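Enquirer: Starting off with a structure, shown below.
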Amino acid sequence: MGKRKTKKFASMKRMISLKDQRIKEKDRTKVQAKKKKDPSEIKEKEVPKYPSCLFFQYNTQLGPPYHILVDTNFINFSIKAKLDIVQSMMDCLYAKCIPCITDCVMAEIEKLGMKYRVALRIAKDPRFERLPCTHKGTYADDCLVQRVTQHKCYILATVDRDLKRRIRKIPGVPIMYISNHRSELT
């Protein structure tokens, strides 16, 4: 048996120094010549444009009657908690609520099959406002995020952690969720 070759842990590639003869003279000067920044120069910074409806974090477009975008799992969890969606929303906000459901969410519920037929019946309730989707595909999370960023007049009702995490990055959008067998708002 011969010697085993062991690979060195965290071995690093060797760098050629700038003084090496293999590097041409013109390439050496490029690396060394760095622009010195003028301290009196005006600094430009790209700042994202915020909608005029936001007063700091306060959204002025929100007001009764509240339009609430409902996600698939919010309907499913409200069935498990034996909550009437519209009534629990009104109990949470103390105002008239109009639950809105997009075509993508409706398609997602329809894809779930017979097991979720109660959720489909709730989604087809005449109190729910249907919102048509113009984009391609039926991925509900992207659809809801896109709609909420475009129009800041919605409250998003969801129980999905990933979607809540995405929505929290958008300023001025409240999130409604279910905990302790009732709807709560953040």
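Enquirer: Among the residues of the range 52-78, count how many are in contact with a helix residue (DSSP H, G or I) (Cβ under 9 Å, 6 or more places away or on another chain), within 22 Å of CYS143 (Cβ to Cβ) and open to solvent by 20 Å² or more (accessible area, probe 1.4 Å).
Expert: Of the residues in the range 52-78, the ones in contact with a helix residue (DSSP H, G or I) (Cβ under 9 Å, 6 or more places away or on another chain) are 64, 66, 68-76, 78.
Imposing the further condition that a residue be within 22 Å of CYS143 (Cβ to Cβ) reduces the set to 66, 68-76, 78.
Keeping just the survivors that are open to solvent by 20 Å² or more (accessible area, probe 1.4 Å) gives 66, 73, 76.
Residues meeting the conditions: 3.
Enquirer: Another one. Could you look through the range 110-124, keep only residues that are among the charged types (D, E, K, R) and within 22 Å of ASP141 (Cβ to Cβ), and pick out the one that is surrounded by the most Cβ atoms within 10 Å (Cβ to Cβ)?
Expert: Within the range 110-124, the subset among the charged types (D, E, K, R) is 110-111, 115, 117, 121, 124.
Filter once more, so that each one left must be within 22 Å of ASP141 (Cβ to Cβ): 110-111, 115, 124.
Numbers: GLU110: 14, LYS111: 10, LYS115: 8, LYS124: 12.
Applying the filter and picking the extreme gives GLU110.
Enquirer: Sticking with this structure for a sec: Collect the residues in the range 117-157 that are under 12 Å from the mean Cα position of the chain (by Cα) and either at pLDDT 95 or above or aliphatic (A, V, I, L, M) (or both), keeping them in residue-number order.
Expert: Keep residues of the range 117-157 that are under 12 Å from the mean Cα position of the chain (by Cα), which gives 140-149, 156.
Of everything in the range 117-157, those that are under 12 Å from the mean Cα position of the chain (by Cα) and either at pLDDT 95 or above or aliphatic (A, V, I, L, M) (or both) turn out to be ALA140, LEU144, VAL145, VAL148, LEU156.
Enquirer: Then there's this: What do you reckon, is VAL31 in a helix (DSSP H, G or I), at pLDDT below 90 and either open to solvent by 50 Å² or more (accessible area, probe 1.4 Å) or not hydroxyl-bearing (Ser, Thr, Tyr) (or both)? Give the derivation first.
Expert: Details: in a helix (DSSP H, G or I): yes; at pLDDT below 90: yes; either open to solvent by 50 Å² or more (accessible area, probe 1.4 Å) or not hydroxyl-bearing (Ser, Thr, Tyr) (or both): yes.
So VAL31 fits the description; yes.
Enquirer: Same structure again: Kindly indicate which of ALA95, ALA107 is surrounded by fewer than 20 Cβ atoms within 10 Å (Cβ to Cβ), hydrophobic (A, V, I, L, M, F, W, C) and within 23 Å of the chain's Cα centre (by Cα). Write out each step before concluding.
Expert: Numbers: ALA95 fails: within 23 Å of the chain's Cα centre (by Cα).
Exactly one residue qualifies, and that residue is ALA107.
The values are calculated or read from the model by the stated rules, or taken from the named source; none is laboratory data. Remember, it's a predicted structure, so these values are computed and weren't measured experimentally. Neighbour counts run over all protein chains shown; Cβ positions are idealised from the backbone, glycine included. Surface areas here come from the heavy atoms of the whole protein model, side chains and all, with no ligands, DNA or RNA. Shrake-Rupley method; radii C 1.70, N 1.55, O 1.52, S 1.80 Å.
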